[in-house]
1. Would you tally the residues in the range 9-43 being farther than 23 Å from residue 80 by Cβ and either modelled with pLDDT under 90 or out of contact with any strand residue (DSSP E or B) (no Cβ under 6 Å at 6 or more places or on another chain) (or both)?
2. Of the residues 41, 20, which is surrounded by 16 or more Cβ atoms within 10 Å (Cβ to Cβ) and not in a loop (DSSP other than H, G, I, E, B)?
3. Specify which of the listed residues (27, 76, 56, 14) is without any contact (Cβ under 8 Å) to a residue 24 or more places away in the chain and within 11 Å of the chain's Cα centre (by Cα).
4. Looking at the range 35-55, can you tell me whether even one residue there is under 20 Å from residue 75 (Cα atoms) and in contact with a helix residue (DSSP H, G or I) (Cβ under 6 Å, 6 or more places away or on another chain)?
5. Since residue 6 meets every condition but one in (1) touching a strand residue (DSSP E or B) at 6+ places or on another chain (Cβ under 8 Å); (2) not in a helix (DSSP H, G or I), which condition does it not meet?
6. Only residues that are under 18 Å from residue 34 (Cβ atoms) and either touching a strand residue (DSSP E or B) at 6+ places or on another chain (Cβ under 7 Å) or surrounded by 10 or more Cβ atoms within 10 Å (Cβ to Cβ) (or both): list them for the range 53-80, please.
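The values are calculated or read from the model by the stated rules, or taken from the named source; none is laboratory data. Keep in mind the model is a prediction, meaning the values are calculated, not measured. Cβ: placed from backbone, ideal geometry, glycine included. Neighbour counts: every protein chain shown.
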């Protein structure tokens with residue numbers, strides 16, 4: 001099965017590691033907010049990962065993984 005990057009969705013919880021990488025390959029990037037993530041973990045990620053440009057932004061932001069269903073419906077509707 002051949003799937004182009006723009007036809008796939010990447011869900012991550014950090015701009016620095018997840019969203020930046022997804023945007024680099026052209027994947028739809030979804031940021032899931034994780035309020036349980038410790039500040040120490042966030043600092044470590046910022047130190048160890050590439051520095052994204054200031055305008056690195058996810059295509060969508062969700063609070064719950066179940067919200068991805070609405071995003072998939074939205075994307076599917078746009079294509080038809």
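1. Residues meeting the conditions: 22.
2. Within the list 41, 20, the selection yields 20.
3. Working: 76 fails: within 11 Å of the chain's Cα centre (by Cα); 56 fails: without any contact (Cβ under 8 Å) to a residue 24 or more places away in the chain; 14 fails: without any contact (Cβ under 8 Å) to a residue 24 or more places away in the chain.
Just one listed residue meets the conditions, 27.
4. Among the residues of the range 35-55, not one is under 20 Å from residue 75 (Cα atoms) and in contact with a helix residue (DSSP H, G or I) (Cβ under 6 Å, 6 or more places away or on another chain), which makes the answer no.
5. Against the list (1) touching a strand residue (DSSP E or B) at 6+ places or on another chain (Cβ under 8 Å); (2) not in a helix (DSSP H, G or I), residue 6 comes up short only on (2).
6. Answer for the range 53-80, where residues must be under 18 Å from residue 34 (Cβ atoms) and either touching a strand residue (DSSP E or B) at 6+ places or on another chain (Cβ under 7 Å) or surrounded by 10 or more Cβ atoms within 10 Å (Cβ to Cβ) (or both): 56, 57, 58, 59, 60, 61, 62, 63, 65, 67, 68, 71.
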